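The values are calculated or read from the model by the stated rules, or taken from the named source; none is laboratory data. Just so we're clear, the structure is a prediction, and the values are computed from it rather than from any experiment. Every residue, glycine as well, gets a Cβ built from its backbone with ideal geometry; the counts of neighbours run over all protein chains shown.
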Amino acid sequence: MNSSGRPAPHLLYTAWGYPPSRGSGVYRAWATANAFAQAGWRVTVLTVPRETFEISTGTDLTLEAQIDPSIKIVRIPFPSAAFDTDIGRWGAFHAHAPELWKALRSRAEQRSFPERTYGGWRKLLEAAARRLHAEDPFDLAIGTANPNVDFVPGYVLSTEFGVPAVMDHRDAWSVDIYSGRRVLPPNSRAGRWERRFIDGASEVWFVNIPIRDWYAEQYPEFSDRFLVVENGYDNPLTFPPRDHRDDGLVFGYIGTISGAIPLLELVDGWALARERSPLMRGARMDLYGYLDHFGVPGANMVQAMGRFAENDIRYLGPVGRADIAATYATFDALVLTFGAGRFITGGKVYEYASTGLPIVSVHDPENETSRTLADYPGWYGSAGMTADAIADAFVATAEHAATQSDDDRMTARTYSQRYSRAAQLAPRIEAWTKRIDADGDGR
């Protein structure tokens, strides 16, 4: 019961990528649902069967084990041609002409909803939202994207039943976050769906200011409902400076090693820094994470990895969620690297900051991460993507890491508290709780 004596508010949270998915966006989905549950809400999560991730992105069972036990998880079928890999269930046409079958299925899926791979999920989501609302009415619906079909349940509940809906963008649908180009013409089917979703939403959340501002320019009539809810870190990772730093510094990276990461430039800058600095000459770099989103390294990654051994760089595979803190404790400094684009702020930024470790940024200086970390004590951003600029940043970071004290690290951690996931989500959860408590339906 809430303070008005009514049952606790009920949230429908839709997320294709929910644990045990190991995709990079899963942490926001996992943490947001948990945060509402821990704030006293009843939470129902609408997602896909676990087997979907077993045949696609892979699974992280340690993260799944950390789902709040009060959360009700409803897994509905995901009928995508891209994920239909069980040949035992293939019909004759599918077996004899798999490429043609897949193309025809994909076309049919996109007729339902204009999103490749995920469009065929729309009707199942609509039916599930109506059924679940009839069984136990919702007070709020949140969909997190991508995929953007996740916004469908909130739209249905909002337009048909008056349930307030929130669109939570982990990325962006209309704008390419790397190039900054609009990729959905406003009058396209997808563009019209996006406007429809925004028109029906009470709030639209974005992960950073540049994406929010871009959308405000495109949809000025809705800009008052556009809010920034940054990713944040889940739990602070606290440990003292590592012993034996005099034996050689350890730089570390934890995250998906995607094709967008400037891995060749990273290795070039690292190698040049080792030529310039005795501290860097005795250092090594440990990289942890999945190789691209589906486990297959691209050509640039293979080329860069061929130079790892000669430069004391090690690739050590992925890290389960339960082992994250222990892995960070083996580092003296952190390497932050992303693809280029002013709209990009990776979720790892906040987790990195929570450690208090020095951070070297190897990415386009225009990346939104540069604003996020600008005042973080111990951040060294590369002034450009040349080997010379990257080497300078590595050397400065090494000098900081070699002498960082407990007090230095505490100062950095104190600064980073503003980026905790709780600090980012709490204002929105509190606002919705009060709104629903005041009038009983959130409107």
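With the structure loaded, tell me whether T386 is surrounded by fewer than 18 Cβ atoms within 10 Å (Cβ to Cβ) and β-branched (V, I, T) or whether it fails that test. For T386, the condition - surrounded by fewer than 18 Cβ atoms within 10 Å (Cβ to Cβ) and β-branched (V, I, T) - is met. Residues considered: G347, G289, G356. Of these, the only one that is in the same structural domain as A401 (by TED's automatic domain parsing), at positive phi, touching a helix residue (DSSP H, G or I) at 6+ places or on another chain (Cβ under 8 Å) and crowded, with 16+ Cβ neighbours inside 10 Å is G356.
Checking each residue in the stretch 200-235 for being assigned to a strand (DSSP E or B) and either touching a residue at least 40 places away in the same chain (Cβ under 8 Å) or farther than 12 Å from F343 by Cα (or both) picks out E203, V204, W205, F226, L227, V228, Y233. With respect to V183, determine if the residue is touching a strand residue (DSSP E or B) at 6+ places or on another chain (Cβ under 8 Å) and β-branched (V, I, T). Yes: the conditions hold for V183. Of the residues examined, A412 is one that is in a helix (DSSP H, G or I), outside the structural domain of A37 (by TED's automatic domain parsing), modelled with pLDDT of 90 or more and not aromatic (F, W, Y).
The numbered conditions (1) in the same structural domain as D388 (by TED's automatic domain parsing); (2) β-branched (V, I, T); (3) in contact with a Gly (Cβ under 7 Å, 6 or more places away or on another chain) are all true for I177 except (1).
Here's the yes/no breakdown for (1) within 20 Å of K123 (Cβ to Cβ); (2) at pLDDT below 95; (3) buried (at least 24 other Cβ atoms within 10 Å of the Cβ):
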residue: I142; (1), (2), (3): no, no, yes
residue: D150; (1), (2), (3): yes, no, yes
residue: G154; (1), (2), (3): yes, no, yes
residue: L157; (1), (2), (3): yes, no, yes
residue: E160; (1), (2), (3): yes, no, no
residue: Y178; (1), (2), (3): no, yes, no
residue: R189; (1), (2), (3): yes, yes, no
residue: I198; (1), (2), (3): no, no, no
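Restricted to strands (runs of 3 or more DSSP E) entirely inside the stretch 1-91, those with at least 2 residues that are within 19 Å of T433 (Cβ to Cβ) and at pLDDT 95 or above are 10-14, 42-47.
If you go through the stretch 111-131 and keep only what is buried (at least 19 other Cβ atoms within 10 Å of the Cβ) and of a type in the set (D, E), you end up with just E115.
Within the stretch 427-440, the set of residues being in contact (Cβ under 8 Å) with a residue 24 or more places away in the chain and closer than 12 Å to V229 by Cα comprises R428, I429.
Residues E230, E217: which one is surrounded by fewer than 16 Cβ atoms within 10 Å (Cβ to Cβ) and in contact with a Ser or Thr (Cβ under 9 Å, 6 or more places away or on another chain)? Going through E230, E217 in turn, just one is surrounded by fewer than 16 Cβ atoms within 10 Å (Cβ to Cβ) and in contact with a Ser or Thr (Cβ under 9 Å, 6 or more places away or on another chain): E217.
S202: of a type outside the set (D, E), outside the structural domain of Q303 (by TED's automatic domain parsing) and at pLDDT 95 or above, yes or no? Yes: the conditions hold for S202. Filtered by the rule that a residue be surrounded by 14 or more Cβ atoms within 10 Å (Cβ to Cβ) and small (G, A, S), the stretch 370-383 gives S370, G378, G381, S382. Within the stretch 250-294, the set of residues being in a strand (DSSP E or B) and under 21 Å from Y178 (Cβ atoms) comprises Y253, I257, L291. Screening P365 with (1) out of contact with any Gly (no Cβ under 7 Å at 6 or more places or on another chain); (2) surrounded by fewer than 16 Cβ atoms within 10 Å (Cβ to Cβ) gives one miss only, at (1).
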